[in-house]
2 protein chains.
Amino acid sequence: MLSQQILQCIDASRQRYVEELLHLLRIPSVSTYSQHAPDVRAAADWVAGQLRRLSFQTRVCETAGHPVVLAERTDVPGMPTLLVYGHYDVQPPEPLDEWKSPPFSPVIRDGYVYARGATDDKGQFFTYLKAIEAILSIEKKLPINVKVLIEGEEEITSPSLGPFLAEHKQDLRADFIAISDGSQYKFGIPAISYGLRGLCYLQMELQGPRFDLHSGSFGGLVENPILVLANVLARLKNEDGTIAIPGFYEDVLPLEEWERREMASLNFDEEALKEYLGVASLPGEPGYTPMERKTARPTLDANGIWGGFAGEGSKTIIPARAGAKVSMRLVPNQDPDKIHKAFEKYVRSLVPQGMHLNVRNLNGAKPVLAARDRKPVLAAARAIEAGFGKRPVFIREGGSIPIVNLFQETLEVQDILLLGWGCPDDGAHSPNERFFLDDFHSGIRSAAALLYELAALQAPGA
Amino acid sequence: MLSQQILQCIDASRQRYVEELLHLLRIPSVSTYSQHAPDVRAAADWVAGQLRRLSFQTRVCETAGHPVVLAERTDVPGMPTLLVYGHYDVQPPEPLDEWKSPPFSPVIRDGYVYARGATDDKGQFFTYLKAIEAILSIEKKLPINVKVLIEGEEEITSPSLGPFLAEHKQDLRADFIAISDGSQYKFGIPAISYGLRGLCYLQMELQGPRFDLHSGSFGGLVENPILVLANVLARLKNEDGTIAIPGFYEDVLPLEEWERREMASLNFDEEALKEYLGVASLPGEPGYTPMERKTARPTLDANGIWGGFAGEGSKTIIPARAGAKVSMRLVPNQDPDKIHKAFEKYVRSLVPQGMHLNVRNLNGAKPVLAARDRKPVLAAARAIEAGFGKRPVFIREGGSIPIVNLFQETLEVQDILLLGWGCPDDGAHSPNERFFLDDFHSGIRSAAALLYELAALQAPGA
């Protein structure tokens, strides 16, 4: 059982834990920018250093991309093994001019730490390291065996992790996996996520004339790649907001009535969200509540677009090229590859003959729907109650954690515990990303409690 | 009458004229980029130096923007006055990676000089300066009075020229204006342009949520500015390629039958153009030939688009903002301001309530249709025949020369002679812009002949 001394130790060390987190947040480990590769490695080394100080057998493993930090302390014979997953890489910070303080110069305001990666995911996985540190400082040993895997490619959807897991299948054998890379239901209401949306992220590029043309001399004679691209994008959704790609909804698992009732019971606060986003309404697929749309229904968004002259002033050209990034959030049982094919087939049918179209798959992830009534899940619920002082609710998340697929398929671990310590308005992927330091602290307490709750499952009569 | 010695002098000086042109082409006088302002001024000073050496009273006049070079040599009492107009500023050179040689390091290949501004307009207006130089070197005087106005804001559609003309109305009084800022009908077929399209160039920006959002956490809840922008752009044209803005065609002057017959007689080479552009077809407004569409019918193009994440890799955001530049080529009697209002009203009707739309007018120009049978026009035709050895054809140009409006309205000069020395495939506004040096030379000969042909109009019985 989790001792009071451990919780007291965690409470007493709060300030130091925060200061250590700030070190990690100062490292600009942006995985998608190749010029940041050295920073990404620096973050890996920093995390490895932390684990070595906890007497974990620690390796910084090379991959085709950014390194994986792999560590274990498995000196508790007869007890189960928990694998803790996290990622030390972060999203690009752009647009920089919207940050109140520089993304990699963490600042504490009103009980929040502001920095890129604060909540996604540096601040969250770090709670496990500090929980383990506190336990060891009091008990000199852990209640269960623990393995830690912190990767550096999550924000580019983990291209190297598949091969890595296959290669280290034995090293990674575990009974449960804990992932804190999401959020609570809302501020003050901790949650366990049993569902994740998948992802199909594509890039399309169009080529019209061989080079940019004078719009006066040639206007009226050539297809304009920007207008063709706009026409394609405009036809990806129907008037009512549903997605127009033929077959897109084919494999979508309908929401059960009980689940819709439960989601409704969470009283999703639409007014507060509109205020936060600065929007007048929350439009979307008809027949579904915002809560259902953001977690249990598939969506399509354009993430970026470019073409022609975007500089200062005016340039009267017909551009040769235009392109866009389009991503779709998927739900069970949609398959990213099947959706990619359906998207490309449909888009090709919309591009006029003679214009060149290129569609590239930038990344993908399968949706996840996990069991809720298994003992490890209930143990996690008790741990959160111990750490946050509140019973968690069960939710589905709108985001994707692609590696959950990999863990299920490669490591065959049934119990993947998705325990978000952050808040939905922490601004993950946005300017002014932040993490509430009370949540950071409660996360550490919950992580410590989790180790003991999982150990208790082995006790007689558990 | 133009003497043989003058033509011989021009032929003998050909090489030196080219070398002097290369000096001017090396100055990166890009008027739309503020950081190039010093280069723009350097070009003005260089042109002024040339005119001073020809004993022109020369001033480099300050404006709210880039300077205007104003010069005159009006020492031929009783003879009419020709005003020569040109511009020493150039388009931005982007995309740079498509240039075979650097845009501001002119290179001569296969009888062409390659550089930004070679044909638009440095190489063309320079022909008048060299023609005047040749005449003076032989005759020591000019056959008529000549004024020269070379501006530095044509590529940003001359914001300062309106006030400038109003202020210098007296200094600029003239009987004819000659402008060589267009092209021949095609390689080897010189032309006089009697029509120009107008322009309405707008920029629209959309703002959705307050900041970029995580597409997983918020996908399904908010309008995506890129998709809204795409939907707007997609509705600017109808399926058949006609422009969908209500009232857009209201003031369009229909083509006369004789004019359509004449255009048809020019045997526009569609195959050659497709080959040059690298396109499979020349789509456009139904019921009109490519020649009619590119010169005598209004068109709409997107010139640039931006929004969200356009960098390397993937970033799963819903962007806060997106924007596009859209320009419309206008024909008589469309009015740019009226078209701007119609565009903005229509676009506003397409933007969902609660999303912020901003439409800015980046520039505009009225279309032009000039008389073809007046004596000065016929005199220009004879000058071209003398210079190029071929009778010119009469054409309408697809491009705009906004200052023609200003000259007509402010200076009340009836005869504006549009004498293009370049070729349609010179790549004005495109990478690898060029000017055929034989055309440069023929242009100088024609410019010299023009002064004498215009002088002859004063002769008894002319």
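The values are calculated or read from the model by the stated rules, or taken from the named source; none is laboratory data. Quick caveat: nothing in here was measured; it's all calculated off a predicted structure. A quick note on method: Cβ atoms are made from the backbone with ideal geometry, for glycine too, and the neighbour counts reach across all protein chains shown. Just so you know, the surface numbers come from the protein's heavy atoms only, side chains and all, with ligands and any DNA or RNA stripped out. Shrake-Rupley method; radii C 1.70, N 1.55, O 1.52, S 1.80 Å.
Using a ≥ b ≥ c from the Cα gyration tensor of the stretch A:108-161 (square roots of the eigenvalues), is it rounded, prolate or oblate, where a/c under 1.5 gives rounded and otherwise the larger of a/b and b/c decides, a/b for prolate? Oblate, because a/c is 1.5 or more while a/b does not exceed b/c.
Protein-only accessible surface at a 1.4 angstrom probe places the residues B:Lys237, B:Lys294 in the order B:Lys237, B:Lys294, largest first. To the nearest 10, the accessible area of B:Trp46 is 60 Å² with a 1.4 Å probe.
Candidates B:Gly152, A:Gln50, A:Ala230 compared by Cα position along the dipole of the protein assembly as shown: farthest toward the positive end lies A:Gln50, with charges placed on Cβ.
Let me know the shape class of chain B, please: from the alpha-carbon gyration tensor, a ≥ b ≥ c as square roots of the eigenvalues, rounded when a/c is under 1.5, otherwise prolate if a/b is greater than b/c, or oblate. Prolate, because a/c is 1.5 or more and a/b exceeds b/c. With the simple model of a label 7 Å out from the Cα in the direction of the Cβ, A:Asp171 to A:Glu256 spans 3.9 nm. Just to verify a number: FRET efficiency for A:Glu98 and B:Ala456, C-beta to C-beta distance, R0 = 51 Å, to 0.05? For R0 = 51 Å, the calculated efficiency reads 0.15. The magnitude of the dipole of the stretch B:21-106, with charges of +1 and -1 set on the Cβ of Lys/Arg and Asp/Glu and taken from the Cα centre, is near 340 debye. A Förster radius of 60 Å, combined with the Cβ-Cβ distance separating A:Gln207 from A:Gln4, puts the computed FRET efficiency at roughly 0.35. With all protein chains kept in place, the per residue accessible area of the stretch A:299-368 amounts to 35 square angstrom at a probe of 1.4 angstrom.
A DSSP coil position with no more than 15 other Cβ atoms inside 10 Å describes the following GluC sites (Glu not before Pro) in the stretch B:173-242: B:Glu239.
Among the listed pairs A:Lys122/A:Lys325; A:Lys100/A:Lys338; A:Lys186/A:Lys325, a Cα-Cα separation exceeding 32 Å is found for A:Lys100/A:Lys338. Placing +1 on each Lys and Arg Cβ and -1 on each Asp and Glu Cβ, with no other charges, gives the stretch A:324-364 a dipole about its Cα centre of roughly 60 debye. Seen from A:Lys140, the other residues with C-beta closer than 14 Å to its C-beta sum to a net charge of -1, counting Lys and Arg as +1 and Asp and Glu as -1. Summing Lys and Arg as +1 and Asp and Glu as -1 over all other residues whose Cβ lies under 14 Å from the Cβ of B:Phe164 gives a net charge of -4. A Cβ-based charge dipole, computed about the Cα centre of the stretch B:256-358 with Lys and Arg at +1 and Asp and Glu at -1, lands at about 720 debye. Of all DSSP bridge pairs formed entirely within the protein assembly as shown, close to 70 percent run antiparallel.
Projecting 7 Å from Cα along the Cα-to-Cβ direction, the label point of A:Asp45 sits 5.2 nm from its equivalents in the other copies, listed shortest first.
In this label model, A:Ala37 and B:Lys345 are separated by 5.8 nm, measuring between points 7 Å along each Cα→Cβ vector.
Give the residue from A:Ser29, A:Met204, B:Thr316 lying farthest towards the positive end of the charge dipole for the protein assembly as shown; charges sit on Cβ (+1 for Lys and Arg, -1 for Asp and Glu) and the dipole is referred to the Cα centre. Value: A:Ser29.
Positive end of the dipole of the stretch B:327-422 (Cβ unit charges, origin at the Cα centre): among B:Gly398, B:Ala383, B:Ala371, the Cα lying farthest that way belongs to B:Gly398. Given Cα pairs under 8 Å that are at least 6 residues apart, what percent is the relative contact order of chain B? Relative contact order here is 26 percent. Other residues whose C-beta falls under 14 angstrom from the C-beta of B:Pro246 contribute a net charge of +3, scoring Lys and Arg +1 and Asp and Glu -1.
Please label the shape of the protein assembly as shown as rounded, prolate or oblate, based on the square roots a ≥ b ≥ c of the eigenvalues of the alpha-carbon gyration tensor (a/c under 1.5 means rounded; beyond that, a/b larger than b/c means prolate, else oblate). Prolate shape, in that a/c is at least 1.5 and a/b is the bigger ratio.
Give the distance, in whole Å, between the Cα centre of the stretch B:128-152 and the Cα centre of the stretch A:360-411. After rounding, the separation between the Cα centres reads 82 Å. Of the trypsin sites (Lys or Arg not before Pro) in the stretch B:64-120, the ones in a loop by DSSP (not H, G, I, E or B) with at most 15 other beta carbons within 10 Å are B:Lys100. For the stretch A:1-133, the share of DSSP beta bridges that are antiparallel, to the nearest 5, is 90%. Among the GluC sites (Glu not before Pro) in the stretch A:371-428, those located in a DSSP loop and surrounded by at most 14 other Cβ atoms within 10 Å of their own Cβ are A:Glu412. Roughly what % antiparallel, to the nearest 5, for the DSSP beta bridges in chain A? Close to 70 percent.
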